[in-house]
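The values are calculated or read from the model by the stated rules, or taken from the named source; none is laboratory data. Here the structure is a predicted model, which means the values were calculated and not measured. We place every Cβ from the backbone using ideal geometry, glycine too, and count neighbours over all the protein chains shown.
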Amino acid sequence: MACRWWRRDESSTPTRPVWTPAEQPPESFTAVDPPQWVWVDLRAALRRDAFTFTDDTRDGLQYRYEVKGLLRGWMPAVDGAPLAMVTYQLLTADLEWRTVVTAFVPRHHIRFRSRTGREVN
């Protein structure tokens, strides 16, 4: 499993939540096994405002591209929209640093990669 799930403990109160590690994910989570390669559109997934432009910071994280990611599972959002759990890397603008992130991304921000090289939506 790509991420750690925590479950609310029976000893929790409304003002003092207590969380314990869970062995299994929630029932609404559907794992993709084996994980599948996808493209993640970081421009849409991470950009705060499509109409605001600022100067680039050399050591800032890049997000203006599609990145290859590993689809690990699906889970519905509270409104029923599908969310994909994807692991992908982020690079700094100067390419000196990278980090690997596992996050939920809306379904419309990913597209599947095919074995033939022809991409499908």
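Taken over region 91-114, the criterion of being under 16 Å from V40 (Cα atoms) and either in a loop (DSSP other than H, G, I, E, B) or of a type in the set (S, T, N, Q) (or both) is satisfied by T99, T102, R113, S114. For region 80-105: of the residues being among the small types (G, A, S) and more than 16 Å from the chain's Cα centre (by Cα), which is surrounded by the fewest Cβ atoms within 10 Å (Cβ to Cβ)? Per the stated criteria, the residue is G80. Would you mind telling me which numbered condition in (1) at pLDDT below 90; (2) not small (G, A, S); (3) not in a loop (DSSP other than H, G, I, E, B) T54 fails? Answer for T54: the failing condition is (3). Restricting attention to region 69-98, the residues that are farther than 22 Å from P26 by Cβ and without any contact (Cβ under 8 Å) to a residue 12 or more places away in the chain total 2. Per this entry, P21 is not counted among residues that are of a type outside the set (D, E, K, R), more than 16 Å from the chain's Cα centre (by Cα) and modelled with pLDDT under 90.
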